[in-house]
Amino acid sequence: MNRKEFIKSMALLPVLTSCMNVKDLDKMTAQMNSTSKMPVLFLGHGSPMNAIEENEFVAGFRKIGQELTKPNAILCISAHWETRGTYVTAMQNPPTIHDFGGFPQALFDVQYPAPGSPELAEETKKLITNTEVGLDDNWGLDHGAWSVIRHLYPNADIPVIQMSIDYTQPARYHFELAKQISSLRQKGVLIIGSGNMVHNLRMVAWRKLNEEFAFDWATEANEKMKSYILSNDFQPLIDFKSQGRAFDLAIPTPEHYLPLLYTLALKDENEKISLFNDKPVGGSLTMTSVKIEPN
């Protein structure tokens, strides 16, 4: 290469570097490209032991995973991450959090090393305008997320982020906030709410935890919830505190219930809604799960 050619090459270097950066950026944001519309799920996660046991609920999660188009990424709203304010996990490699006690070592040994997605975290932050969304580098994936997602996608090869539940806000706030992230469904993002529709640990019949059993009030609440869900009548579900004694017992605290509202808020008018894993356990818990999908 002569001197003239060398100088010409050096002059082109910034342009070439810029092109390389654009390519790198395109690669980083490819997961955010438009796709066919993804379904939305609410998963009744139940006991952490569902992460490692083989039962009908685990089989139900696995079946749903096989039916879905593989997503570009997952955004999970878990009952087990409550914060003052709203946050999304923004680290590249979220740790597996074992946020429970008193279970076998085999459960604590489970790791779900799915990557995170700082790009999806940033996109989610930009979409939500009714509150400031913080980018979190400390949380990770709690058992409300990984204990069920590992059955949908056991290879842990899909990026996962979590969005926290602001415990200071009423149900309507969460329902309206969820609507703001609906466009992610068309970018290959599977949005999952993880909790339990009926969840009263203080009243669990522990001897019947592995049986299909419900107290009368749990059956009443669950049946009413399902009726409202299937008839697209979500207002009574938002006003759950005004629905009487059965609802009061079913939802003594809202953290396991609110992920359901995030899921329902994302349903468009003409979409199909269906239930699976629709059984009670331990008297005061239901595993009822919801799938929303385009027709």
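The values are calculated or read from the model by the stated rules, or taken from the named source; none is laboratory data. Please read all numbers here as calculations on a predicted model, not as lab measurements. Reconstructed Cβ throughout: ideal geometry from the backbone, glycine too, with neighbour counts over all protein chains shown. These accessible areas exclude ligands, DNA and RNA; they are computed on the full protein's heavy atoms, side chains included. Shrake-Rupley method; radii C 1.70, N 1.55, O 1.52, S 1.80 Å.
Within segment 99-114, if we keep just the residues that are open to solvent by 60 Å² or more (accessible area, probe 1.4 Å) and in a loop (DSSP other than H, G, I, E, B), the residue that is nearest to N72 (Cα to Cα) turns out to be P113. Of the residues making up segment 191-221, those that are open to solvent by 10 Å² or more (accessible area, probe 1.4 Å), part of a helix (DSSP H, G or I) and modelled with pLDDT of 95 or more number 7. Within segment 149-177, being open to solvent by 50 Å² or more (accessible area, probe 1.4 Å) and not charged (D, E, K, R) holds for P154, N155, Y167, T168, Q169, P170.
Restricting to segment 115-126, name every residue that is closer than 22 Å to G85 by Cβ and surrounded by 13 or more Cβ atoms within 10 Å (Cβ to Cβ).
Result: G116, S117, P118, E119, L120, A121, E122, E123, T124, K125.
Contact map, segment 178-190: first residue open to solvent by 10 Å² or more (accessible area, probe 1.4 Å), second residue assigned to a helix (DSSP H, G or I) and modelled with pLDDT of 95 or more, Cβ cut-off under 7 Å, separation 6 or more or different chains; pairs are K179/A265; Q180/L127; S183/L127. Within segment 223-240, not a single residue is part of a loop (DSSP other than H, G, I, E, B) and buried (at least 18 other Cβ atoms within 10 Å of the Cβ).
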